[in-house]
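Encoded as structure tokens, the structure appears first; notes follow it.
Bear in mind that the values in this text are calculations on the coordinates, not laboratory data. If you're wondering where the values come from, they're calculated on a predicted model, not measured in any experiment. Here the Cβ positions follow ideal geometry from the backbone for every residue, glycine too, while neighbour counts run over all protein chains shown.
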Amino acid sequence: MRIAVGSDHRGVHLRVKLVELLDRLGQQVIDFGTDSQESVDYPDVAEVVARKVSSKEVDRGILICGTGLGMCIAANKVPGVRAAPCHDDLTAELSRRHNDLNVLCLSGDILGEKLVDRLVEIWLKTEFEGGRHLRRVEKIAALENGNGKA
Ligand code: RB5
């Protein structure tokens, strides 16, 4: 898989470990930084990674900030992106099976390296179930395109 990754300054340490993991797993990584502890604004990084996912230049994206929340909010503004923070095995798995999550958001402040390794492996290998979940994901896309029901 082609995977775009990015973090703000609060996620640098975890992103470095994440890139090592993705390399070990044989994934094709495109790393958009940031590379120092100097403060950057998470929406700037989220936008770059989200646009790569939206344009299908990459298959998935992974974003890291302090909580994972700011990256998630920003990434979801880009059409076609389904981003959410995952903190445990179940959310990592169901985010794929039910929501076809294409951008995984992680917390650099809260999550340990071992847990992140496990979450990412689960998230990468779990397939979207389709069926009734596809109908729901399509309704999200309709909302995005201004064709919601209300
Ligand atoms: C940066 O200080 C912090 O706000 C950011 O990393 C993230 O946690 C935002 O949601």
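Observations, loosely collected:
- Placing pseudo-labels 7 Å out from each Cα toward the beta carbon at ILE110 and HIS98 gives an inter-label distance of 1.7 nm.
- If you run the Gaussian network model on the chain, springs between alpha carbon atoms under 10 Å, then out of VAL19, VAL116, VAL137 the most flexible one is VAL137.
- By the rule of a C-alpha distance below 18 Å, with chain neighbours fewer than 8 residues away ignored, the lysines paired with LYS56 are LYS77.
- Distant-in-sequence amide H partners of THR126 (H built 1.01 Å from N, under 5 Å): none
- Of the residues LYS17, LYS114, LYS56, the one that moves most in a GNM of the chain with alpha-carbon contacts below 10 Å is LYS114.
- The chain: most fluctuating residue of ILE62, ILE73, ILE140 per GNM, C-alpha cutoff 10 Å: ILE140
- Cut-off of 10 Å, at most 12 other beta carbons, DSSP loop: longest stretch of the chain lacking such GluC sites (Glu not before Pro): 58-126
- Candidate aspartates and glutamates - alpha carbon under 19 Å from LYS17, same-chain residues fewer than 8 apart omitted: ASP8, ASP31, ASP35, GLU38, ASP88, ASP89, ASP109, GLU113, ASP117, GLU121
- For the chain: relative contact order, % (alpha-carbon pairs under 8 angstrom, 6 or more apart): 23 percent
- Shape call, segment 65-150: gyration tensor on alpha carbons, a/c limit 1.5: oblate
- Between ARG82 and ASN102, VAL103, the built amide H atoms are under 5 Å apart, and every one of these is 5 or more places off in sequence or on another chain.
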